[in-house]
Amino acid sequence: MLEARLEQANLLKKVVDAIKDLVQDCNFDCNDSGIALQAMDNSHVALVSMMLKSESFSPFRCDRNIALGINLTSLTKVLRCAQNEDILTLKAEDAPDVVNLVFESAESDRLSEYDIKLMDIDQEHLGIPETEYAAVITMPSTEFQRICRDLMALSESVSIECTKEGVKFACQGDIGSGSVTLRSHQNVEKPDLNVEIDLTEPVSLTFSLKYLVNFCKASGLSSQVKLCLSNEVPLLVEYALSNNSYLRFYLAPKIGDEE
Amino acid sequence: MARTRSKLAAKDPVQEPTTSTKALPPSAVNPPKLFILPNDASPEARIVTLLNPVNATPNRYLFCPEQGFYEFTKIAAPRKAPRSWLIAPHQTLRDETSKTFPSVEHGTAENGKEADDLADGEQQEGAISISKGYITKSADLFVATPLDTLFLLLPALSPSKSTAKDTQKQLFLSLDDHLETLGATTPHLGQLLQSRKLRDRIEERMSDVCDMVNAGEEKMYRLSHPKLLIILLSKAERMSKNGFPASMEDRLIRPALEIPIMSIKREESDISTSEAGPTQSESQSSAQPPGTATPSTSDSQSTNTSVSTAATSLPPTATELPESKPTISAPEGVLHLLRLRTALAYLLSSYVPSLLHTPLRALLSSSSPINFSPLDAHLAHLTSLRAQATALRSLSDNISRKRGYNDDEEAVEARAEKKRKQDEDEKKKKNEPRGIKQLKKVDVSGMRKLSTFFGKAHVKK
C-alpha cells in the first residue's frame with residue numbers, strides 16, 4: 001500500500017496545476033523511490049516528466065509498485081479543497097480503486113478526506129536518456145515566463161539562439177518582429193536572478209510558444225528554470241524542486257519550418 | 001358454499017352444490033369457489049384427488065358412482081379484464097337448499113322462476129341478501145366435464161418400468177392386479193375402487209383397450225397400443241368432426257395451412273398494363289381448383305402460352321403465376337386431416353401418459369387406419385413455398401430487408417456502442433481544461449513526435 005505525507009499540500013497543487021493543461025489523465029507511478037509521472041500531450045510533441053522523491057515526503061511508504069491512473073481535472077478539483085499550508089497525505093491500497101487524500105490543517109483540528117476514483121490508463125513510456133546538451137541556460141523562471149508571454153503577442157513560435165554572446169529569443173510575426181537577449185549575469189544579493197549560460201557549441205532552435213507558455217505555469221514551483229538545448233533534439237525545461245525532485249518538460253523543436 | 005347456487009342458477013342449469021360442500025372440507029381461509037356440476041350426478045358424488053394421467057401430479061376430479069369421472073375445467077376471466085363474483089343468498093333458494101337434493105326437473109323448472117324472483121327479491125330483501133353475500137376476488141368458474149375412465153387407467157396399464165418394457169412385452173395381468181397398482185397411486189382412488197360399479201366400469205373400459213387372455217376362471221389384461229390408438233382416433237374424429245371453435249381454428253389450423261403470399265400482385269398488374277391477355281389467365285386461375293401439384297403445372301403451361309402470344313413475355317411472371325394459385329386454401333381432405341391430427345395431439349398431451357407417446361406416434365405413422373400422408377405432403381409443399389417466398393422476398397425488396405433479423409440486433413448494439421463512445425468523447429471534451437483545448441490549436445507542423453527522439457522504454461510494471 002501507499003502512504004505518502006506531504007508537509008505542504010501546496011507542492012502537489014502547483015505541480016498538478018502546471019501539468020493539467022498539458023495532459024488530461026495520467027498515471028502516477030509509485031514505488032519505493034517516490035512518485036513519478038510521465039505523460040505526453042495529445043499531439044505527442046511535448047512530454048512532462050515529474051519525479052517526487054520519497055525524501056520529499058515524511059513519511060513515505062510504498063510496499064510495491066502502484067500505478068494510480070488519475071484524471072487531473074478531478075485531482076485539481078479535490079486539491080482546491082486543500083489550503084496551501086495543509087498537510088496532505090496520499091493513500092492507496094495495493095490494487096486500488098480509489099486514491100485517498102487527507103488534508104490536515106496544522107492550525108485548526110480540521111481534517112478533510114477525499115477519495116478519487118482511479119482509471120485504467122494505457123500510456124506508452126518513453127525512455128529518456130541522460131543527454132549532454134550543447135547549451136544549458138539557467139535563468140529566473142519569471143524571466144522565462146515573461147519572455148514567452150511577450151513574444152506570444154507577436155508570433156506562434158520563437159527561435160532560441162544561443163551563442164557565446166548570450167541567448168537570444170527572437171520571433172517574427174505578421175505585425176513585426178521582436179527579440180529578447182539575455183547575457184550571463186550574476187546577482188550577488190539575489191542569486192535567484194542569476195542568468196547562467198553553459199555553452200559547448202552554438203545552438204539555434206525554434207519552438208512553439210504556446211507550449212512554452214504552457215510550461216511556464218510551473219514557474220511558481222521554482223525560482224529558477226533550466227533550459228537545455230542541443231540541435232535537432234527536444235528542448236528540456238526543468239524546474240528543480242527540493243530533495244532532487246523535479247518537474248521536466250520536453251518539447252520537440254520545429255524543424256524545416258523557417259527555411 | 002351452498003349460496004353459490006343463486007348466481008349459477010341464473011346462468012346455467014346447475015347441479016346442487018351440496019355435493020361439493022361435502023367433498024371439500026369447508027375452510028375459513030379458502031374463499032368459496034363456483035362450480036358447475038352435472039345435474040344428473042348421484043348424491044354420492046365426491047370430489048376426489050387423483051393423479052393426473054399425464055404428469056402424475058395430484059389433481060381434483062369429481063367422481064360420481066353412476067356417471068363416472070368428471071374433470072374440472074377452470075374458466076377464468078382474462079387477465080386484462082379482471083372480474084369478481086358477488087355471491088349472494090336468495091330467499092327462495094334458501095328454502096330450496098333445505099331439501100338435500102332436488103330432482104333435475106325441479107332444478108331446471110326453478111330456473112325461470114328464480115330469475116323473476118331475483119328481481120323481486122332484490123326489492124324485498126335485497127339489502128339482506130347482498131349483505132350476506134360474498135365477493136370472491138377471482139372470477140373463476142370450475143366446470144365439470146365428463147372424463148373417460150380409460151384415461152385414469154392408462155398410468156396403471158403402462159407402468160413406468162421402461163427398461164423392462166424395452167426388452168420384453170408387458171405381462172398379462174388380472175384385473176385385480178391392475179386395480180391394485182391403480183389403487184396404490186392415491187388413497188382416494190383406492191377407496192373408490194371398493195365400489196362394485198366402478199370395478200365393472202373399469203373392466204369394461206379395460207376390455208376395450210387391452211388384449212385379453214383367459215387363464216382358467218380369470219381374464220388377464222394387457223394394454224394394446226393399436227386398440228388404444230383406435231379409441232383415441234375415434235375421440236379425435238369426434239372432436240374434429242364439426243371443426244374446431246373459431247379461436248382454435250385461428251390459432252392452430254389456419255396458420256399451418258397459410259400459403260405465403262408471393263409478390264404476385266405487382267406482377268399481375270404489370271401484365272395488365274402491357275397486354276390484354278391476362279383476364280383470361282386470371283379467370284383461369286380463379287376457376288382452377290385449389291392446388292395440388294399436377295393441375296398447377298398444367299396451368300403454368302397455359303399461362304405461359306397466353307403470355308407468349310401477347311409477345312411481352314415476362315419470364316419471372318410466367319414462373320410465379322402458378323405458385324400463386326393454391327392461395328385459396330388447402331385441399332378438402334387435408335383440412336380434415338390436420339384437424340384430426342391437432343385433436344389427437346391435444347388428447348395425447350393432456351390425457352395420455354408421456355411414456356405412451358412414442359409407441360403411439362410410431363404406431364400412428366406406421367400402421368394407422370388413417371393415412372396422414374396427404375397432409376404431410378401438403379405441409380411439406382407449404383414449407384417449401386414459404387422458403388421460396390422468403391428467398392424471393394429477400395431478393396426482390398432488399399431495400400427494407402437489407403439487414404436480417406440477426407444483423408439488426410448487432411447493428412443496434414453497434415450503434416448504441418458508437419453513440420456511447422461519442423457521448424463519452426463529448427463529455428471528455430467538455431471537461432477538457434482550457435489549456436489543453438488551446439494546445440490543440442497549435443500548429444505542430446515541423447514538430448516531430450517525441451517518440452522519434454526518445455525510444456520506447458521497456459515496460460516496467
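The values are calculated or read from the model by the stated rules, or taken from the named source; none is laboratory data. For clarity, every value in this text was computed on a predicted model and none was experimentally measured. Ideal geometry is used to build each Cβ from the backbone, glycine not excepted, and the neighbour counts take in all protein chains shown. Note: accessible area is taken over every heavy atom of the protein model, side chains too, but ligands, DNA and RNA are not part of it. Shrake-Rupley method; radii C 1.70, N 1.55, O 1.52, S 1.80 Å.
For B:429-442, what's the mean count of beta carbons from other chains sitting within 10 Å of each residue's beta carbon? Mind dumping the intermediate values first?
Working: counts 0, 0, 4, 4, 9, 1, 12, 10, 2, 4, 13, 3, 2, 11.
Partner Cβ neighbours, averaged per residue: 5.
What does the accessible area of B:LEU355 come to, in Å² to the nearest 10, when a probe of 1.4 Å is used?
Number for this one is 60 Å².
Taking 1 over the mean of 1/r across every pair of different Cα atoms in chain A, what Kirkwood radius in Å do you get? Walk me through the numbers before you get to the answer.
Values: mean 1/r = 0.0513 Å⁻¹.
Over chain A, the inverse of the mean reciprocal pair distance is 19.5 Å.
Excluding ligands, DNA and RNA, what is the accessible area buried between chains A and B, summed over both sides, using a 1.4 Å probe, to the nearest 100 Å²?
On the way: alone 13420 and 28660 Å², together 39410 Å².
For chain A against chain B, roughly 2700 Å² becomes buried.
As a test question: what accessible area, to the nearest 10 Å², does B:ARG386 have when a 1.4 Å probe is rolled over all protein chains in place?
90
In region A:104-142, which GluC sites (Glu not before Pro) are in a loop and have at most 16 other Cβ atoms within 10 Å, using DSSP for the loop call? Intermediate values should be presented prior to the final figure.
On the way: sites: A:GLU104, A:GLU107, A:GLU113, A:GLU124, A:GLU130, A:GLU132; in loops: A:GLU107, A:GLU124, A:GLU130, A:GLU132.
The qualifying sites are A:GLU107, A:GLU124, A:GLU130, A:GLU132.
At a Förster radius of 60 Å, what calculated FRET efficiency corresponds to the Cβ-Cβ distance of B:LYS227 and A:ASP97, to the nearest 0.05? Let's see the in-between values first.
Details: r = 73 Å, r/R0 = 1.22.
E(calc), rounded to 0.05, equals 0.25.
For region B:177-236, with equal point scatterers placed on the C-alpha atoms only and solvent neglected, what are the log10 I(q)/I(0) values from the Debye formula at q = 0.19, 0.21, 0.24 1/Å, to two decimals?
-0.82, -0.94, -1.05
Enter the accessible area of A:ASP122 (Å², nearest 10), with the probe set to 1.4 Å and all protein chains included.
Its accessible surface works out to 150 Å², give or take rounding.
Can you give the Rg and Dmax of region A:1-135 based on its C-alpha atoms, in angstrom?
Spelled out, the Cα radius of gyration and Dmax of region A:1-135 are 15.1, 52 Å.
For A:GLU156 paired with A:ASN231, estimate the spin-label separation in nm (one decimal), with each label point 7 Å from Cα along the Cα-to-Cβ line.
My value for the distance between the label points is 2.6 nm.
How big is Rg to Rh over region A:204-259, alpha-carbon atoms, Rh as the Kirkwood inverse-mean-distance radius? Intermediate values should be presented prior to the final figure.
Numbers: Rg = 12.3 Å, Rh = 12.1 Å.
With Rh from the inverse mean 1/r over Cα pairs, Rg/Rh is 1.02.
Report which residues of region A:125-163 become buried by 50 Å² or more of accessible surface when going from the isolated chain to the complete set of protein chains (1.4 Å probe; DNA, RNA and ligands ignored).
At a threshold of 50 Å² (probe 1.4 Å), the residues of region A:125-163 that become less exposed are A:HIS125, A:LEU126.
Simple spin-label model, 7 Å along Cα-to-Cβ: A:ASP63 to B:ALA377 in nm?
That separation, rounded to one decimal, is 8.3 nm.
Please state the Cα pair-distance histogram of region B:410-461 with 5 angstrom bins from zero: what percent is in each bin?
Result returned by the calculation: 5, 13, 11, 12, 12, 17, 18, 9, 2.
Of A:LYS217/B:LYS430; A:LYS117/B:LYS428; B:LYS421/B:LYS441; A:LYS117/A:LYS210; A:LYS53/B:LYS437, which ones are farther than 27 Å apart at the Cα?
Numbers: A:LYS217/B:LYS430 22 Å; A:LYS117/B:LYS428 16 Å; B:LYS421/B:LYS441 23 Å; A:LYS117/A:LYS210 31 Å; A:LYS53/B:LYS437 31 Å.
Those over the limit are A:LYS117/A:LYS210; A:LYS53/B:LYS437.
What is the log10 of I(q)/I(0) for region A:147-216, computed with the Debye formula using one identical point scatterer on each Cα and no solvent, at q = 0.12, 0.24 Å⁻¹?
Summing over Cα pairs of region A:147-216 leads to -0.35, -1.06.
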